[in-house]
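A quick write-up on the structure given underneath.
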Amino acid sequence: MDKPEYDFSLLPKYYKSLSALQLSQNEHWLLRHPHALEDAKELFLEIKRDEDSEKLFASHKYELTWVKNELVTWAADLKRRGKKDEFELVQEIIDVLFENIDDLDDIPDASTVENPDTTVVANPDFRDEIIITAKKQLGTPYVWAGSSPGGFDCSGFTSYVMKQNGKSLPRRAVDQYESSKKVKAKNVQKGDLVFFDNGSGISHVGIVISEKGEPLTMIHSASSKGIVITDVTKSDYWTKRLYGFGTYVTD
């Protein structure tokens, strides 16, 4: 077997850090988790100190570009609203986290952004757009039969994300599988769908966010937690129920 491009054990820390950075932009969530930004910063810096960090960041540059863009926009909004302390904290995090990461230098500094809505971001491909849309819903609660940002069930979440990107999916998980183009496990890419069987048929679906060849990681609506990121390979529960993969993406 070929040696992995980088140490995949970094991925859980990487996604935990990015998720916290995105969730912290919700003021209500941040009030409940006042140390989240500092914790995310320390976790990200720990990753940067690893010898494989450059390879990891190179493989996820579109994702990092989007996160940096969101933070810059957030900082600019805080500055506009006169929230000096919060602005300085977020700006410090931007400066520390993204220093010396290649290909992200075209994002403007928040102090120079007059209108947050005009911030420029690199154009990610369609698969990246799917992941970006999905991650915007992190922390959204689980709601049975839900299919909107007010709350999602599993297939409501996948159908919503894909619809936002121009793809119409059937409503039920089993129908989403049947209508999809089937993908072999070795060929699975981010933006594909992963399906699970609870013993009586397909009962759950998530969106793959890991790169091809990486340990399988998904974003999904879990009945106990809402929209979360899960490392499938480290979960006996999900590994035992893994049924197959499908895609609605045409490369």
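Could you please find all residues in segment 193-211 being without any contact (Cβ under 8 Å) to a residue 60 or more places away in the chain and either among the β-branched types (Val, Ile, Thr) or part of a helix (DSSP H, G or I) (or both)? Before you say what the answer is, go through the steps one by one.
Let us first name the residues in segment 193-211 that are without any contact (Cβ under 8 Å) to a residue 60 or more places away in the chain, namely 193-206, 208.
If the condition is that a residue be without any contact (Cβ under 8 Å) to a residue 60 or more places away in the chain and either among the β-branched types (Val, Ile, Thr) or part of a helix (DSSP H, G or I) (or both), then Val194, Ile202, Val205, Val208 are the ones that fit.
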(message) Can you pull out every residue in segment 187-210 that is more than 21 Å from the chain's Cα centre (by Cα) and not hydroxyl-bearing (Ser, Thr, Tyr)?
(response) Asp197, Asn198, Gly199, Gly201, Ile202
(request) Select from segment 38-55 the residues that are aliphatic (A, V, I, L, M) and surrounded by 21 or more Cβ atoms within 10 Å (Cβ to Cβ) and list them in ascending order. (result) Ala40
(message) Given (1) more than 22 Å from the chain's Cα centre (by Cα); (2) at pLDDT 80 or above, identify the lone condition not met by Ser111.
(response) (2)
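Name the single residue, out of those in segment 161-176 being closer than 23 Å to Asp125 by Cα and in contact (Cβ under 8 Å) with a residue 24 or more places away in the chain, that is surrounded by the most Cβ atoms within 10 Å (Cβ to Cβ). Give the derivation first.
Step one: filter segment 161-176 for residues closer than 23 Å to Asp125 by Cα, giving 161-169, 176.
If we keep only those that are in contact (Cβ under 8 Å) with a residue 24 or more places away in the chain as well, we get 161-162, 164-165, 167, 169, 176.
Values: Val161: 26, Met162: 21, Gln164: 15, Asn165: 16, Lys167: 15, Leu169: 20, Gln176: 22.
If we take residues in segment 161-176 being closer than 23 Å to Asp125 by Cα and in contact (Cβ under 8 Å) with a residue 24 or more places away in the chain, then Val161 is surrounded by the most Cβ atoms within 10 Å (Cβ to Cβ).
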(request) Given the conditions (1) at pLDDT 80 or above; (2) touching a Pro at 6+ places or on another chain (Cβ under 9 Å), report the number of the one that Lys16 does not fulfil. (result) (2)
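Somewhere in segment 16-31, is a residue touching a Gly at 6+ places or on another chain (Cβ under 9 Å) and in a loop (DSSP other than H, G, I, E, B)? Lay out the reasoning, then the answer.
At the first step, the residues of segment 16-31 found to be touching a Gly at 6+ places or on another chain (Cβ under 9 Å) are 19, 22-23, 26, 29.
Among the residues that remain, those that are also in a loop (DSSP other than H, G, I, E, B) are: 26.
There is at least one residue in segment 16-31 that is touching a Gly at 6+ places or on another chain (Cβ under 9 Å) and in a loop (DSSP other than H, G, I, E, B).
Looking at segment 49-65, which of its residues are among the aromatic types (Phe, Trp, Tyr) and either within 13 Å of Tyr14 (Cβ to Cβ) or not assigned by TED's automatic domain parsing to the domain that holds Asn100 (or both)?
Keep residues of segment 49-65 that are among the aromatic types (Phe, Trp, Tyr), which gives 57, 62.
Scanning segment 49-65 gives a single hit, Phe57.
Residue-by-condition table, conditions (1) modelled with pLDDT under 95; (2) in contact with a Pro (Cβ under 6 Å, 6 or more places away or on another chain); (3) of a type in the set (S, T, N, Q):
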| site | (1), (2), (3) |
| --- | --- |
| Glu211 | yes, no, no |
| Gly226 | yes, yes, no |
| Lys234 | yes, no, no |
| Gly244 | no, no, no |
(message) I need every pair where a residue in segment 212-235 that is without any contact (Cβ under 8 Å) to a residue 40 or more places away in the chain and assigned by TED's automatic domain parsing to the domain that holds Ile131 has its Cβ under 6 Å from the Cβ of a residue that is part of a strand (DSSP E or B) and among the hydroxyl-bearing types (Ser, Thr, Tyr), sequence separation at least 6 or different chains.
(response) Met218/Thr230
(request) Please go through segment 46-92 and pick out each residue that is over 16 Å from Ser24 (Cβ atoms), aromatic (Phe, Trp, Tyr) and out of contact with any Asp or Glu (no Cβ under 6 Å at 6 or more places or on another chain). (result) Phe57
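The values are calculated or read from the model by the stated rules, or taken from the named source; none is laboratory data. In this text the structure is predicted, and so the values were computed from the model without any measurement. Note: ideal-geometry Cβ built from the backbone for every residue, glycine included; neighbour counts use all protein chains shown.
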